[in-house]
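Peer 1: Please see the structure below; I have some questions.
Every number in this text was worked out from the coordinates using simple rules, so none of it is lab data. Computed from a prediction, not measured in an experiment: that's the story for all the values here. Here the Cβ positions follow ideal geometry from the backbone for every residue, glycine too, while neighbour counts run over all protein chains shown.
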Amino acid sequence: MRITKEAKEKNREKILAIAEKLFAEKGYEQTTTRDISEACGIAKGTLFNYFNSKETLAMTLVAQAMETGRQAYLRRKSGSESLVEELFLLVASELRALRPYRSYVGPVLESGMSIFAKKSTCPAGDQVRQLHLKTVEAALAAHGFVFIQHSITVTLYWALYLGILAHWSGDESENQVETLTLADYSMQVFVNTISANIEVQGVACNE
Amino acid sequence: MSRAAGPILSKVQTKRIPASSFLRVCSLSSSQAKIAGYYFSYFLRRQFAEDEKKKLLKNHFHLKSTLQLLGTMGYLRGAIMKAGQLLANLPQIMPHDLIELFESLQFEAPPMHFSLIREVFLDELGKEPEEIFSFFDKNAFAAASLGQVHRARLHDGREVAVKIQYPNIAQTIDADLKALSFLLQTMRFTKDYQYLCLHVQDAREVFLQEVDYVSEASFMEKNRRLFAGSEIVVPRSYPEFSGKRILTMDYLPGKHLQAFLAGNPSQAKRNHFGELISYSLVHSWFRLRTVYADLHPGNYLLMDDGRLGFIDFGCYRVFNEERWKMEIDGEIAMFNDNREQLMHFFTKLTMHDYPEELDPVWVDLAIRQMRWVIAPILTKDQFDFADKEYAEQGATLLKETIKSGYVRTDSFFNWSNRAILGHRALMYRLRSKVDYSTLYKREMEKYS
């Protein structure tokens, strides 16, 4: 029986919703693809038609949250922010949207968005990474910087960004406030570096 | 900190308070911090007698590690501002020039940018500043201890001041106080080590109270009721727009001391505000049995209509019944010049069992200090707080206290000394002449 595109999309959404619920209830490590397929009332093989692994499923959830965060950033930004402030706003908006997934964002990003990965195994991860970097590129362009894809600047930014996420995933301070200051600090470091601003003058912040 | 500090801020505003100890250890950048480290090292070495040298060497490694930590402190502008204030409460263990150095660092406290403030709002109140206020000024108009203050307008049109705490600052300072305790371990063979630790512990308790803006709002409200109907204005706080790290209160128009003095005010105005500042201290002392540990110019606003704004209530200590009785007995003994009762007070104050155990050198210094403190109370009519001889006497006594290194006193003694010194310094700068005697005795008779 051929299923319609709508029905396929509906199934996909259902699998994601159930996986999200199970990850939250049982924990990411403790949840298996069998648990998810059983809870969805589908065969395990059918589940793999939609997502080829548990990691891909989780990465898709994380990617969706990141996109929600990015959209929140676009809504929240006024255009009068300094570059540091704008980049911080992007990261902070994403972290807020990612909060429900904090317990498993670490292992997911490790496999899906690692700085060493030439190509991610998850298209959703690739897509969200590209969207994030495009957003950074636009922010930089608005402040007179050119962000060349695959350049050392991208590697530096991505390393800092993943570092923030890594710290955040294990941050036990209330509302992960420690990561908030780390994010701000990291964006300062990034902007100072690309400004070749060794003496740390006030060029990039609150100008 | 006023906007006048702008040029300094522009140099440092791209630096943020490092959040983790890792970053702090890595931030060995500030020459001021290195100087602070040097001073601390020098000071600590001076504390050890000859026969303690071997023990010091044993602890050298600990000392070195701690100084490395201290070396990072210059980068913790916001934190160091507080650490400086806390340490200033222990002049006996801190050389004065080091306290000054710490205090100078506070002017480098970096402002939070608006994106960071929005995150603090979302975490604390679940809403963005624009949702809570009809207007919110993105630029801070003043620095507060541990944060900054913004002007805003409520939807009903009321003008407010919003105090916002630096994210993670509380944890950072707490870590620094732990580092300080660690540093003090190098002094653990000295006889007063346990009393030093008590003071540090006490400073930590006051600090933890100060970082909780809910607690501050509640004490502010208590003071608002206390001074209602007087010429002292305490702002109303708005609990619905406040949290642990955000405090929204009425905006009070007025000048800080420096700006007031720049207008070359008349002697009558100087006396008037001097009287109000004195009343704020003495009235809360007797009525609430409270000592304000943070009596500095930034906490007062001198208003054009002659009222005095009293705006910061984070740092205080409340006497318990027993300690209060002891304090009053001590004051009465001093007023009556009753040596026996005074020695009894000193014995309790220094946690000894018998007056014979008291160090006579310290007793002599303490009596001279108390005489200096009560001189304005014993002087009939107006007391000239700008009197050169009185000011010089106070400065000499302070130097002597620092030099003595005597730390065996209860913590209230430190706080009340700090409040009195703060008051006298304010009155000196105001060049105020006040009938302090009548004010003090009236309050004492009425409420003690």
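Peer 1: May I ask which residue of B:436, B:302, B:276 lies farthest towards the positive end of the charge dipole of the stretch B:254-448, with charges of +1 (Lys, Arg) and -1 (Asp, Glu) on Cβ and the Cα centre as origin?
Peer 2: Final value for the positive-end residue is B:302.
Peer 1: Using the reciprocal of the averaged 1/r over all distinct C-alpha pairs, how large is the Kirkwood radius of the stretch B:254-448 in Å?
Peer 2: Kirkwood hydrodynamic radius for the stretch B:254-448: 17.6 Å.
Peer 1: Taking the Cα atoms only, what angle lies between the long axis of helix A:83-98 and the longest principal axis of chain A, rounded to 10 degrees?
Peer 2: On a 0 to 90 degree scale, this one is about 20.
Peer 1: Still on this structure, I have one more. Go through A:19, A:50, A:149 and say which Cα lies farthest out towards the positive end of the charge dipole of chain A; charges sit on Cβ, +1 for Lys and Arg, -1 for Asp and Glu.
Peer 2: Going by the charge dipole, the pick is A:50.
Peer 1: Between residue B:447 and residue A:172, take the C-beta separation as r, use R0 = 51 Å, and let me know the FRET efficiency to the nearest 0.05.
Peer 2: 0.65
Peer 1: Looking at this model, which pairs from A:10/A:134; A:14/A:134; B:380/B:441 are more than 18 angstrom apart at the alpha-carbon?
Peer 2: Beyond 18 Å between Cα atoms: A:10/A:134; A:14/A:134.
Peer 1: Next question, about the same structure. In nm, give the distance between the simple-model label positions of residue A:14 and residue B:371, each being 7 Å from the Cα along the Cα-to-Cβ direction.
Peer 2: Placing both labels 7 Å along Cα→Cβ, they lie 9.3 nm apart.
Peer 1: Per residue of A:71-83, how many C-beta atoms from partner chains lie within 10 Å of its own C-beta, taken as a mean?
Peer 2: Mean partner-chain Cβ count within 10 Å for A:71-83: 2.
Peer 1: How well do other chains shield peptide A:169-175, expressed as the mean number of their Cβ atoms within 10 Å of each residue Cβ?
Peer 2: Mean inter-chain Cβ contacts per residue within 10 Å come to 3.
Peer 1: Given the pairs B:255/B:446; A:5/B:127; B:325/B:399; B:178/B:222; B:222/B:255; B:348/B:388, which span a C-alpha to C-alpha distance of over 27 angstrom in this model?
Peer 2: Pairs exceeding 27 Å: B:255/B:446; A:5/B:127; B:325/B:399; B:178/B:222; B:348/B:388.
Peer 1: Something else now. Please list, ordered by chain and number, the residues whose modelled amide H lies under 5 Å from the amide H of residue B:316; skip anything fewer than 5 residues away on the same chain.
Peer 2: Counting only residues 5 or more places away or on other chains, the set is B:293.
Peer 1: Take the Cβ-Cβ distance between residue B:352 and residue B:141 as r, set R0 to 45 Å, and report the resulting FRET efficiency rounded to the nearest 0.05.
Peer 2: For R0 = 45 Å, the calculated efficiency reads 0.35.
Peer 1: How high is the relative contact order of the stretch A:54-194? Use alpha-carbon pairs under 8 Å, at least six apart in sequence, and give a whole percent.
Peer 2: Normalised by residue count, the contact order of the stretch A:54-194 is 30 percent.
Peer 1: I've got another one for you. Can you tell me the length gained on complete extension of the stretch residue A:49 to residue A:138, counting 0.36 nm per residue apart and subtracting the Cα distance?
Peer 2: Between residue A:49 and residue A:138, full extension yields 28.5 nm more.
Peer 1: Another question, then. Residue by residue through the stretch A:148-155, what is 3J(HN,Hα) from phi via Karplus (6.51 cos²θ - 1.76 cosθ + 1.60, θ = phi - 60°)? Round to whole Hz and write x for glycine and proline.
Peer 2: Each residue's phi maps through the Karplus curve to give 8, 4, 6, 8, 5, 4, 5, 4 Hz.
Peer 1: Taking beta carbons within 10 Å but only from partner chains, what does the mean come to for residues A:184-191?
Peer 2: 4
Peer 1: What is the distance in Å between the Cα centres of the stretch B:385-417 and the stretch A:31-89?
Peer 2: First find each Cα centre; the distance between them is then 62 Å.
Peer 1: If you restrict to DSSP beta bridges whose two residues both lie in the stretch B:254-448, what percentage is antiparallel, to the nearest 5?
Peer 2: 100
Peer 1: Give a residue-ordered list of calculated ³J(HN,Hα) values for the stretch B:261-274 (Karplus: 6.51 cos²θ - 1.76 cosθ + 1.60, θ = phi - 60°; whole Hz; x for Gly, Pro).
Peer 2: 5, 4, x, 6, x, 6, 4, 4, 5, 4, 5, 4, 5, x
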